[in-house]
Each structure stands twice: as C-alpha cells, then as structure tokens.
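Here the structure comes first, spelled out in structure tokens, and everything after it is commentary.
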Amino acid sequence: MRQDELAGAAGVGLRFIVDLEAGKPTAQIGKTLQVLSALGCSLDITPPLNPKGARKA
C-alpha cells in the first residue's frame with residue numbers, strides 16, 4: 001500500500017504517515033491507532049508485573 005493510500009484509508013494526512021514511518025517521537029496516539037487499524041493491526045497493552053511476578057489488577 002502506498003503512503004497516500006494508507007493516509008486515505010486511515011483518515012490521516014500524508015505528512016502524518018511520513019512522520020510516523022520516520023519514527024517521529026511525538027506522533028499522536030489516536031492517529032497512530034487509526035493507521036494500525038487501517039493496516040489490520042491492533043495494539044495490546046499489558047499491565048506491568050508486581051514484585052511477586054503476577055499482573056497488577
């Protein structure tokens with residue numbers, strides 16, 4: 001998929017795609033999630049382990 005096609009599918013600007021691919025550290029999380037969704041990807045967040053090795057509630 002070309003950058004302009006991805007931008008259109010994700011509802012973001014082409015500049016955002018270019019910056020995201022370049023690793024811009026301040027990329028907006030909402031727009032980044034839109035891009036991931038357009039690519040058929042998802043993001044899972046796992047809570048950190050507590051000192052005993054179990055997940056925090």
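The values are calculated or read from the model by the stated rules, or taken from the named source; none is laboratory data. Fair warning: this is a prediction, and the values are worked out from it, not measured in the lab. Please note: Cβ atoms are built from the backbone with ideal geometry, for glycine as well, and neighbour counts cover all protein chains shown. SASA here: full protein model, heavy atoms, side chains in, ligands and nucleic acids out. Shrake-Rupley method; radii C 1.70, N 1.55, O 1.52, S 1.80 Å.
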Of a type in the set (A, V, I, L, M), modelled with pLDDT under 95 and open to solvent by 70 Å² or more (accessible area, probe 1.4 Å), is that true of ALA57?
-> yes
Among the helices (runs of 4 or more DSSP H) confined wholly to the chain, which include 2 or more residues that are touching a Leu at 6+ places or on another chain (Cβ under 7 Å)?
-> 3-10, 29-38
Over region 1-54, the set of residues touching a residue at least 12 places away in the same chain (Cβ under 8 Å), among the hydrophobic types (A, V, I, L, M, F, W, C) and open to solvent by less than 80 Å² (accessible area, probe 1.4 Å) is LEU6, ALA9, ALA10, VAL12, PHE16, ILE17, VAL18, LEU20, VAL35, ALA38
Working only within region 26-36, note down all residues that are farther than 18 Å from ASP4 by Cα and either among the aliphatic types (A, V, I, L, M) or at pLDDT below 95 (or both).
-> ILE29
